[in-house]
1. Loop only per DSSP, at most 15 neighbouring Cβ atoms within 10 Å: give me the trypsin sites (Lys or Arg not before Pro) in segment 44-108, ordered by residue number.
2. Near Lys64, which lysines are there with a Cα under 18 Å away, not counting those fewer than 8 places off in the same chain?
3. With charges set only on the Cβ (+1 for Lys and Arg, -1 for Asp and Glu), what does the dipole of segment 51-107 come to about its Cα centre, in debye to the nearest 20?
4. Relative contact order of segment 51-107: what whole-number percent is it, with Cα pairs under 8 angstrom and at least 6 residues apart?
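Just so it is clear, none of the values below were taken in a lab; they were calculated from the coordinates. Because the structure is a prediction, the values reported are computed rather than measured. Cβ atoms come from the backbone with ideal geometry, glycine included; neighbour counts cover every protein chain shown.
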Amino acid sequence: MLGLGAWRPSLAAAWRTATAQPLHTSSVAWIAPRPSGPKLKLKSHSGAKKRFFPVMGASSPKFKRASTNKQHLNSGMSRVRLARLRGQQVVATGPVSKMLRRLLAPRL
């Protein structure tokens with residue numbers, strides 16, 4: 001049986017040089033460069049799209065959401081409570097509003 005070097009010398013030399021180098025587990029050997037092209041479009045968060053909507057104010061937008069505790073088991077609730085839950089709630093401003101602006105950035 002012929003050895004690998006006798007059959008194809010260039011392939012044997014390439015195999016020897018590839019396997020002769022030590023493997024380093026502490027670092028990544030090779031990282032592919034990012035393609036240089038147009039940047040990807042930002043996508044808005046689909047969960048935030050369904051739950052919050054912006055209300056433009058004088059300065060930064062505030063966000064509103066629907067009231068909670070109104071999905072099921074409403075038959076035992078009083079009509080006054082259900083009417084109160086029918087309205088919208090303003091989300092707290094500050095860090096929560098900043099996070100929602102980031103999640104809904106393409107839509108604003």
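1. Working: sites: Lys49, Lys50, Arg51, Lys62, Lys64, Arg65, Lys70, Arg79, Arg81, Arg84, Arg86, Lys98, Arg101, Arg102, Arg107; in loops: Lys70, Arg86.
Qualifying residues, ordered by number: Lys70, Arg86.
2. Lys49, Lys50, Lys98
3. On the way: 13 positive and 0 negative charges, 7 e Å.
Roughly 40 debye, rounded to the nearest 20.
4. On the way: 49 pairs, mean separation 18.2, N = 57.
Relative contact order here is 32 percent.
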